[in-house]
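One structure below.
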Amino acid sequence: MQTDRRIALRVEGLSKRFGGLAAVDGVSFTVREGSIKTIIGPNGAGKTTTFNLLTGVDTPDAGKVLFGDHDISRMPAHEICRLGMVRTYQSTRLFQDMTVLQNVMVGQHCRTKSDFILSILKLPSTRAEERRIVERARELLAYMHLEDRANELAKNLPYGQQRRLEIARALATEPKMLLLDEPAAGLNMSETVAMAEEIARIRELGVTVLLIEHRMGLVMDISDEILVLQFGRQIADGTPAQIQANPVVIEAYLGKEN
């Protein structure tokens with residue numbers, strides 16, 4: 001039996017209301033270290049709001065989020081990032097007029113030691129850090145199969161490569177946990193298969209993955225566990241096989257037979 005020491009993230013009774021609407025209503029789940037867990041549910045189920053609450057974009061009205069030994073429930077986003085939790089978004093948020101390499105270098109900002117004054121002075125320690133940043137950025141581009149596009153502007157990449165670039169930039173923050181919000185959105189079938197392979201490989205870096213996804217083939221292929229939300233509430237949490245056989249989930253997705 002696995003112990004709590006293997007739990008990377010624990011969410012307890014998480015709730016958020018917007019006016020009279022309960023976007024997230026008493027959601028509780030765990031994510032184990034080194035696993036891939038996926039949140040699924042119809043549009044409006046509360047998936048992205050849950051991500052926003054986990055990463056400090058929104059503040060919960062009730063509940064608790066424990067990331068390792070830290071209570072991050074009401075912690076600002078930049079501090080959560082420094083602790084090792086980082087996310088991507090449904091639509092790409094790249095610096096379109098910067099190069100591919102520069103985009104990944106920006107991701108390392110939260111781990112740099114040189115401040116603005118030191119960067120102006122160009123001390124040996126600062127130059128050494130800059131070299132390390134460039135080297136690490138190139139390593140991550142190679143990892144995401146983008147090394148040959150390093151000097152191109154981000155806006156000139158095909159959409160599928162922009163999605164991979166966003167993941168490379170997120171990995172540059174040295175996360176312990178990576179939250180991916182619909183990473184296969186807008187991708188064709190072959191790109192979706194490649195994205196599934198990329199997400200599965202991320203565990204090689206010692207990174208735990210939590211994602212939101214609608215492509216059920218991808219979800220079932222790579223997920224260790226799946227959390228199902230509907231109208232802000234969780235209706236199931238288990239392995240892919242358990243979710244596929246769950247009558248409540250089947251009814252939520254397919255409707256009740258007459």
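The values are calculated or read from the model by the stated rules, or taken from the named source; none is laboratory data. Just so we're clear, the structure is a prediction, and the values are computed from it rather than from any experiment. Positions of Cβ are generated from backbone atoms using ideal geometry, with glycine treated the same way; all protein chains shown enter the neighbour counts.
Of note:
- Ile226 being assigned to a strand (DSSP E or B), assigned by TED's automatic domain parsing to the domain that holds Gly26 and among the aliphatic types (A, V, I, L, M): yes
- Selection count where residues are charged (D, E, K, R) and either buried (at least 20 other Cβ atoms within 10 Å of the Cβ) or modelled with pLDDT under 95 (or both), scope the stretch 226-253: 1
- Selection within the stretch 117-167: residues that are charged (D, E, K, R) and over 23 Å from Met195 (Cα atoms). The member of this set that is modelled with the highest pLDDT is Glu135.
- Some residue of the stretch 87-105 being polar (S, T, N, Q), crowded, with 20+ Cβ neighbours inside 10 Å and out of contact with any Asp or Glu (no Cβ under 9 Å at 6 or more places or on another chain): no
- Checking Gly19, Gly26 one by one, the residue that is small (Gly, Ala, Ser), surrounded by fewer than 19 Cβ atoms within 10 Å (Cβ to Cβ) and out of contact with any Leu (no Cβ under 8 Å at 6 or more places or on another chain) is Gly19 and no other.
- Some residue of the stretch 200-208 being part of a helix (DSSP H, G or I), over 14 Å from the mean Cα position of the chain (by Cα) and buried (at least 17 other Cβ atoms within 10 Å of the Cβ): no
- Residue within the stretch 186-197 that is part of a loop (DSSP other than H, G, I, E, B), surrounded by 18 or more Cβ atoms within 10 Å (Cβ to Cβ) and within 10 Å of the chain's Cα centre (by Cα) present: no
- Condition check for Lys176 on (1) over 27 Å from Arg6 (Cβ atoms); (2) touching a strand residue (DSSP E or B) at 6+ places or on another chain (Cβ under 8 Å): one failure, at (1).
- Meets criteria (touching a Pro at 6+ places or on another chain (Cβ under 9 Å) and under 19 Å from Gln108 (Cα atoms)) for Arg169: no
- Filtered residues of the stretch 67-88 (kept if aliphatic (A, V, I, L, M) and under 17 Å from the mean Cα position of the chain (by Cα)): Ile72, Ala77, Ile80, Leu83, Met85, Val86
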